[in-house]
Ligand code: F6P
């Protein structure tokens, strides 16, 4: 069997670990492995390169993706080219790591090529999976920053807001808010009236002299909302944006175990000649077909 590995969409810490785990499991089965450079665009452009387990082990502890990645909006248009490229390279099975967009590309390919999908995005919004590769590391990066903000806030009390990544979802911001004991959470799924925001902030400042707001980058007009709040409270606000620093960094221990478990499950599935998704459910890796019902509801937890 010849396996091709590909990382797609936003890079996520732990992608490299998953690549190594896939190579490691493939080697045990005597399979050959190639990498596709630059994600789905590289698949369209036939950018294949052989991968050796020894080389990939050096990547495993690093953030980002050593294979490179890309965002391709019109992938279905290129399916015939991709299938031909895989044929030319004598690839028997493909493994795609990425978020929901990449999962759709994998599903589309799975009717033509043996395909596995692994959830890998810091946003943790992948359908049917409790966690995705990259999420835990991104959570921990934000926790470190929030702890730093609190050191300063204890010293000079003001209104503090920490903006996380997360795209147009609040999964990442909600976990950060829970983990740091934030006073207010702003997520795109639940826009808040200014009056409610003022009330929550007042309760916090009366207790602690400052308030810590955690917000997802997708919250509508976030900067204006924080400015309006500061004006209404007659105080100064300080907003910290983690930005893409949240996407990098050394993968945490949990991340590495998650990446390894999902990779092992994917290789098991492919060995049975089945296309599917290796997902994380109730603390373990499971193998589900692409066709099964998809959902991932955002549920607001009390702070
Ligand atoms: O999907 C992962 C993610 O990091 C989101 O959290 C963020 O909104 C987006 O990617 C940023 O994308 P890009 O790196 O293409 O600007």
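Below, the figures for the structure above:
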| quantity | calculated |
| --- | --- |
| Residue among 173, 107, 146 that is part of a helix (DSSP H, G or I) and closer than 25 Å to residue 291 by Cα | 107 |
| Qualifying residue in segment 209-220 (condition: modelled with pLDDT of 95 or more and assigned to a helix (DSSP H, G or I)) | no |
| Output for segment 166-190, where each listed residue is surrounded by fewer than 24 Cβ atoms within 10 Å (Cβ to Cβ), within 13 Å of residue 200 (Cβ to Cβ) and within 16 Å of the ligand (Cβ to nearest atom) | none |
| Only listed residue being more than 16 Å from the ligand (Cβ to nearest atom), modelled with pLDDT of 95 or more and over 23 Å from residue 5 (Cα atoms), chosen from 262, 229 | 229 |
| Residue match in segment 42-58 (condition: within 16 Å of the ligand (Cβ to nearest atom), closer than 15 Å to residue 113 by Cα and either in the same structural domain as residue 166 (by TED's automatic domain parsing) or in contact with a helix residue (DSSP H, G or I) (Cβ under 9 Å, 6 or more places away or on another chain) (or both)) | no |
| Residue 200 out of contact with any helix residue (DSSP H, G or I) (no Cβ under 6 Å at 6 or more places or on another chain), in a strand (DSSP E or B) and within 18 Å of residue 182 (Cα to Cα) | no |
| Residue 82 buried (at least 21 other Cβ atoms within 10 Å of the Cβ), more than 16 Å from the ligand (Cβ to nearest atom) and more than 24 Å from the chain's Cα centre (by Cα) | yes |
| The lone exception for residue 95 - which of (1) more than 12 Å from the ligand (Cβ to nearest atom); (2) under 28 Å from residue 252 (Cβ atoms); (3) surrounded by fewer than 21 Cβ atoms within 10 Å (Cβ to Cβ) it fails | (3) |
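The values are calculated or read from the model by the stated rules, or taken from the named source; none is laboratory data. It should be emphasised that the depicted structure is a prediction, and the values quoted were computed from it without experimental measurement. Ideal geometry is used to build each Cβ from the backbone, glycine not excepted, and the neighbour counts take in all protein chains shown.
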